[in-house]
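Report on the following structure.
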Amino acid sequence: MLQTTERGLYCSAADVYIDPWLPVERAIITHAHGDHARWGSRHYLASREGGRVLRTRLGADANIELVDFGESRNINGVSISLVPAGHILGSAQVRLEHNGDVWVVSGDYKTEPDPTCSAFEPVRCNTFITESTFGLPIYRWCAQEETFAGMRAWWAENAALGRASLVYAYALGKAQRVLAGMLDAGIGPIYTHGAVERLTIDYRKSGVALHPTSAVVAQPRGTTYAGSLIVAPPSAAGSTWLRRFGDLSTAFASGWMQVRGARRRRSLDKGFVLSDHVDWPALIDTISATGAERVWVTHGYREQVVRFLRDKGLDAHSMASHWEGEDEQGPAVADEEAIA
Amino acid sequence: MKRFAQLYSAIDSTTSTNRKVDAMAEYFASAAPADAAWAVYFLSGGRPKRLIGVRRVAEWAMAESGVPPWLFEECYHAVGDLAETIALLLPDHVAPHALLPRPLHDWVENVLLPLGNMSEDEQRQAVLNAWRQLDGTERFVWNKLITGSFRVGVSGQLVVRALARASNIDEGVIAHRLSGHWTPTAESFSALIEPDSSDADRSRPFPFYLAYALEGELESLGNPAQWQAEWKWDGIRSQVIRRDGQTYIWTRGGELATDRFPEIVAAANALPDGTVLDGEIMPWMNGAAMPFAQLQRRIGRKKLGPRILAEVPIVLIAYDLLELEGRDMRAAPLTVRRAALANICQCDDGRPERVSRHERSEGPALLLSPIITLQTWSDARAAHAGSRDHRAEGLMLKRLDSEYGVGRRKGSWWKWKVQPFSVDAVMIYAQPGHGRRALLHTDYTFAVRDGDALVPFAKAYSGLTDTEIRELDAWIRRHTIEKFGPVRHVEPVHVFELHFEGIQHSPRHKSGVAVRFPRIARWRTDKTASEADTIETLRTLLEAAK
Ligand SMILES: [Zn+2]
Ligand SMILES: [Zn+2]
């Protein structure tokens, strides 16, 4: 039903592309991250939950049609619906059914609960196209409560020393998840980088409860940040923007922080393991929960996951994407471009 | 163990030296002496003899976590550290163990050290038990300890600073107490931070004062008249101690080597009591240095027979005096120490190498390091250019008013090495490394061209970045011509710039030469194998080095 083309994943029966990387006539968008939502297509279909963020990313002129989760559209005999993917606000899996054959495109997803978006729902299908960003068994997430508790303790220790704490988090999704995790933490004002603030406003308008924030850019000159928490995108690291914060402890919230070397390479004081993608056990469990007999693996450790699934007797294939070698950093860079 | 693992994390998670020292000081001030002793040992780079091969540990971890070998290897590639890969893959505890937490010294003395005398099966049981009792970071630290790969970003000097901070004792005193044969026991730790500084152990050397590599221009050092230059010898840096009618020789590596150098002992026995000399042990014949390889040959001998003693005579080239009549001289200016040194060695402070030029190999075993006086910096440049003629690796520059410091301090002592020899060579063999790199091909053999043939002449295993090593490893796996056990014969494609410190004739090597300290300077991706250097290049270097 689906095939890979130079423009992206294509359904010829319905004549639609899913997350195309080049402009097309009709595009279904799984979520608003830069590697999935590209400019220039004539018509977009996406989830209502993520409508506001997608609008921010694609601009006022984009022709976006929004559907509710579970609501199905029939295009040339193909029944298409969106199912929550649990990745970020509005993230969706795309379910396509044609003559009893069911395909699901996961987009990016996680199965851990996240107060900033609808929870992932496993969908039974014949063919499952899954991401594999963290497709190695070294990636097993600790409970997020533990991560947030660690983050609060780190902030409290810095605050006691009169030091500011800065968390790097991807501007779309991760930053808001951190803000939700810090709700009721007794932390004073949380300051945000402009890139984070804009999307945070979108989240609030979409009805997501987040810790109150204030954009750094809106602060008067001479504001002191000692003891405060700041959330900024990773691209702010090493920039002169940081100078104003004085004595500073830096941390990064990301699944990559699971590995010590990843933290050390960035010379961070702290790494918090917090991911919006499935870890290894959840990836393998989800694949088996779909009951799919055929699995296409994209976006990450494709070859490794394919080999593991084949050893288990599944018909697994690797699907190259335009974003070869892309990791969570890819979308983050795109994030910056989109709101600059 | 938990506290030690926390200390590890604290050190590892900050880039600030001061915070590292604080974390250690806090640990030393509050930990039980038996634990603190082992922490000092491990943090300053101590390593029990290799207990378990890391490969074996990896196999047990695969079995315990149910991860197949190929997937384990993929994980290792992503992590870059075996101990960490294992810690990340081990299954979580099914139920929290009811055992009491065990302190570091208990783990080390009752589990880790006995591993060396166990059968493989007993080792496996012991390691699995340990894994089941330890959590995340503890497991990681444990894996590092049992495979002898524990490393954390602190130097011995920072440990000394932390101990000084925790105990309010002078850094120099701590360093002095730590040098030599320090054993990690509760008693030694307590003695280490004991306020009373009348140290009983008379054999103790002083911590060696180390020089930094000269970075800028000579002119930046100021007035040349305030400096003295000496040859930078390529031997074994050592202290010769004469106290209470006994002689001791300590190498910079912390080894008590008295019985290895009877010539020096004989000479030192004539020194007055309460004398400590700092100098270089050198193979020396007919008033000139011999190649380092000769010294290595002598060190390699278990027994020093008359033949090797005659073939490779040894001298101490003394360059500093640290103790005189039992008094610590280190705070005195260099000129004062040097005058006293000349006096005590009963040499006139001229050019002792000249004095001894006509001597046979039985000449004096105690020489004074010649001083090259500098009127201008050009004098230093001229001397530097002639280093190799003296079999020296360059110059040492010391401020005349400098004290003998502790550890490595910037400012008053500089080493200025001559450029290494350099050759562009082709990689032809590769084999896996050891320790954390056991799964990557990191040991390479290099060849030069000889007509259409390639002649191997050097092995090197350092100098590449982790990324380059991985890239090369992937390439090696895909371009192997032949395998001999772990060694892969690879396509002769990649060219590397090799540096080495010395070159000499060697009939044992196919190429006819042996090189010293070969290392990879860079990967010459801009060159093809046909552009690599030839055997002629090596012969020319050999000729020039004679
Ligand atoms: Zn995404
Ligand atoms: Zn993505």
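The values are calculated or read from the model by the stated rules, or taken from the named source; none is laboratory data. Source: prediction; values computed, not measured. A quick note on method: Cβ atoms are made from the backbone with ideal geometry, for glycine too, and the neighbour counts reach across all protein chains shown. We work out accessible area using only protein heavy atoms, side chains counted, and drop any ligands, DNA or RNA first. Shrake-Rupley method; radii C 1.70, N 1.55, O 1.52, S 1.80 Å.
If you take the square roots of the eigenvalues of the alpha-carbon gyration tensor of the range A:144-272 and sort them as a ≥ b ≥ c, do you get rounded (a/c under 1.5), prolate (a/b over b/c) or oblate?
rounded
Between B:E543 and B:E482, what FRET efficiency comes out of the Förster formula 1/(1 + (r/R0)^6) with R0 = 35 Å and r the beta carbon distance, rounded to 0.05?
0.50
Non-local amide H neighbours of B:W227 (under 5 Å, H modeled in plane, Pro and chain starts lacking H): which ones?
Result for B:W227 returns B:L400.
For the range B:250-299 and the range A:45-99, what is the separation of their Cα centres, given in Å?
80 Å
Sum up the charges of everything whose Cβ sits under 10 Å from the Cβ of B:V423, counting Lys and Arg as +1 and Asp and Glu as -1, but leave B:V423 out.
Around B:V423, the surrounding residues sum to -3.
In debye to the nearest 20, how big a dipole does the range B:360-403 give about its Cα centre with +1 on each Lys and Arg Cβ and -1 on each Asp and Glu Cβ?
Charge dipole, the range B:360-403, about its Cα centre: 140 debye, nearest 20.
Residues with beta-carbon under 12 Å from that of B:A37, excluding B:A37: net charge, scoring Lys, Arg +1 and Asp, Glu -1?
Value of the local net charge: -3.
Taking 50 Å² as the minimum loss, tell me which residues in the range B:73-93 lose that much accessible area going from the chain by itself to the full protein complex (1.4 Å probe).
Buried on complex formation: B:A78, B:E84, B:L88.
Read phi for every residue in the range A:40-53 and hand back ³J(HN,Hα) as whole Hz from Karplus 6.51 cos²θ - 1.76 cosθ + 1.60, θ = phi - 60°, with x for Gly and Pro.
Here the 3J(HN,Hα) series is x, 7, 6, 9, 10, 10, 8, 6, 5, 4, x, x, 5, 5 Hz.
With the Cα gyration tensor of the protein assembly as shown giving a ≥ b ≥ c as the square roots of its eigenvalues, does the rule (a/c under 1.5 for rounded; else a/b larger than b/c for prolate; else oblate) give rounded, prolate or oblate?
prolate
At 222 nm, what value in deg cm²/dmol follows for chain A if DSSP H runs of at least 4 each add -39500 (n - 2.57) and the sum is divided by all its residues, to the nearest 500?
One gets -7500 deg cm²/dmol as the mean residue ellipticity at 222 nm.
Give me the percent of DSSP beta bridges within the protein assembly as shown that run antiparallel, rounded to the nearest 5.
Counting only bridges with both partners in the protein assembly as shown, antiparallel ones make up about 65 percent.
Taking only Cα atoms of the range B:209-417, what ratio of Rg to Rh do you get with Rh as the Kirkwood inverse-distance radius?
Taking Rg over the Kirkwood Rh, I get 0.95.
Using alpha-carbon pairs under 8 Å, 6+ residues apart, how would you state the relative contact order of chain A in percent?
18 percent
What are the ³J(HN,Hα) values, in whole Hz, obtained from phi via the Karplus relation 6.51 cos²θ - 1.76 cosθ + 1.60 with θ = phi - 60°, for each residue of the range A:165-174 in sequence order, with x given for Gly and Pro?
Result, ordered by residue: 10, 10, 9, 8, 8, 4, 4, 10, x, 5 Hz.
Can you tell me what share of the DSSP beta bridges in chain A is antiparallel? A percent to the nearest 5 is fine.
Bridges in chain A are about 35 percent antiparallel.
Which value in nm describes the separation of the simple spin-label points at B:A293 and B:T15, placed 7 Å from the Cα toward the beta carbon?
4.4 nm
Please give the residues of the range A:60-89, grouped as numeric ranges, whose backbone N is less than 14 Å from a label point set 7 Å along the Cα-to-Cβ vector of A:N126.
Hits in the range A:60-89 for A:N126 at 14 Å: A:78-79.
Pop out the ³J(HN,Hα) list for the range B:418-428 in order, Karplus 6.51 cos²θ - 1.76 cosθ + 1.60 with θ = phi - 60°, rounded to Hz; leave Gly and Pro as x.
Going residue by residue, I get 6, 4, x, 5, 9, 9, 8, 10, 9, 6, 10 Hz, with x marking Gly and Pro.
As a test of the formula, what do you get for chain B when each DSSP H run with n ≥ 4 contributes -39,500 (n - 2.57) and the sum is divided by the residue count, at 222 nm and rounded to the nearest 500 deg cm²/dmol?
After summing the helix terms and dividing by the residues of chain B, the value is -10000 deg cm²/dmol.
Report, to two decimal places, the Cα Rg of chain B normalised by 2.2 N^0.38 Å (N = number of residues).
Normalised by 2.2 N^0.38 Å, the Cα Rg of chain B equals 1.08.
Lysines within cross-link reach of A:K110: Cα-Cα under 24 Å, excluding same-chain residues under 8 positions apart?
Those lysines meeting the cut-off are A:K174, A:K205, A:K270, A:K312.
Compute the distance from the alpha-carbon center of the range B:461-519 to that of the range A:246-270, in whole Å.
Cα centres, the range B:461-519 to the range A:246-270: 35 Å.
Can you give the accessible area of B:W284, probe radius 1.4 Å, in Å² rounded to 10?
Ignoring ligands and nucleic acids, B:W284 comes out at about 20 Å².
Amide H of B:G394: which non-local residues (sequence gap of 5 or more, or other chain) have their own amide H closer than 5 Å, using H built in the peptide plane?
Result for B:G394 returns B:K232, B:V418.
Within the set B:K410/B:K459; B:K49/B:K483; B:K49/B:K302, which residue pairs have Cα atoms separated by over 22 Å?
Cα-Cα > 22 Å for B:K410/B:K459; B:K49/B:K483; rest within.
Express the relative contact order of the range B:421-545 as a whole percentage, based on alpha carbon pairs under 8 Å and six or more residues apart in sequence.
Computed over the range B:421-545, the figure is 31 percent.
Shape of the range B:2-146 from its Cα gyration tensor (a ≥ b ≥ c, root eigenvalues): rounded if a/c is under 1.5, otherwise prolate when a/b > b/c, or oblate?
Prolate, because a/c is 1.5 or more and a/b exceeds b/c.
If a paramagnetic tag sat 7 Å from the Cα of B:Q6 along the Cα-Cβ line, which residues of the range A:258-293 would have the backbone N under 16 Å from that point?
none
So what is Rg over Rh here for the range A:29-142, counting just Cα atoms and using Kirkwood for Rh?
0.98
For the range B:141-184, would you read off the P(r) tail past 13 Å as a percentage of all alpha carbon pairs?
62 percent
No solvent, one uniform scatterer per C-alpha: report log10 I(q)/I(0) for the range B:179-308 via the Debye equation at q = 0.16, 0.23 1/Å, two decimals.
Debye intensities relative to I(0), on a log10 scale: -1.00, -1.41.
Determine the shielding of peptide A:257-263 by partner chains: average, over its residues, the number of Cβ atoms on other chains within 10 angstrom of each Cβ.
5
So how tilted is helix A:329-339 from the main axis of chain A? Cα-based, degrees 0 to 90, rounded to 10.
80 degrees
Over all distinct alpha-carbon pairs, what is the Kirkwood Rh of chain A in angstrom?
20.5 Å
First select every other residue whose beta carbon is under 10 angstrom from the beta carbon of B:Q133; then total the charges, Lys and Arg +1, Asp and Glu -1.
So the environment of B:Q133 carries a net charge of +1.
Taking a cut-off of 26 Å between Cα atoms, list the lysines near B:K415, but don't count ones fewer than 8 places away on the same chain.
B:K232, B:K398, B:K546
For A:Y109, list long-range residues whose amide hydrogen, built 1.01 Å from N in the peptide plane, is under 5 Å from its own amide hydrogen.
A:V278
Sequence gap at least 6, Cα distance under 8 Å: using those rules, report the relative contact order of the range B:484-546 to the nearest whole percent.
For the range B:484-546, the relative contact order is 37 percent.
Using alpha-carbon positions, what is the distance between the centroids of the range B:311-340 and the range B:66-138, in Å?
Measuring centre to centre over Cα atoms gives 49 Å.
Give me the lysines in straight-line cross-link reach of B:K2: C-alpha distance below 18 Å, same-chain residues under 8 apart excluded.
Those lysines meeting the cut-off are B:K20, B:K144.
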